[in-house]
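One structure is given here, and the rest of the page talks about it.
The values are calculated or read from the model by the stated rules, or taken from the named source; none is laboratory data. As the structure is a computational prediction, the values presented were derived from the model and not from experiment. Cβ coordinates were reconstructed from backbone atoms using ideal geometry, including for glycine residues, and neighbour counts include every protein chain displayed.
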Amino acid sequence: MIYLFLGVIHLNDDYNINVQILDFGNSIPAVATINDDGSFSIFLNARLSYERRLEAYWHEMRHIQNQDFCGEMSVEEMEAANQH
């Protein structure tokens with residue numbers, strides 16, 4: 001079982017990722033951002049179940065791993081192209 005926790009996660013020293021759980025209301029499950037220092041932040045919706053937050057976490061991780069922040073596509077185009 002994989003446990004999701006708050007804080008900084010190091011993946012093979014390639015990524016520096018800060019994960020936070022915030023109350024987004026009933027809007028989006030999660031969002032990932034690239035920070036000024038090149039690290040990433042993933043914000044997960046506190047209103048989701050643990051299982052749903054974990055799914056949202058891995059969805060955002062795929063965006064980071066696919067380097068979706070470096071492309072020209074809009075968020076809507078990325079989500080349509082990456083139906084995961």
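Go through segment 5-62 and report how many residues are in contact with a Lys or Arg (Cβ under 9 Å, 6 or more places away or on another chain), loosely packed, with under 14 Cβ neighbours inside 10 Å and either modelled with pLDDT of 95 or more or charged (D, E, K, R) (or both).
2
Does Ala80 satisfy the condition of being exposed (fewer than 14 other Cβ atoms within 10 Å of the Cβ) and modelled with pLDDT of 95 or more?
No, not satisfied.
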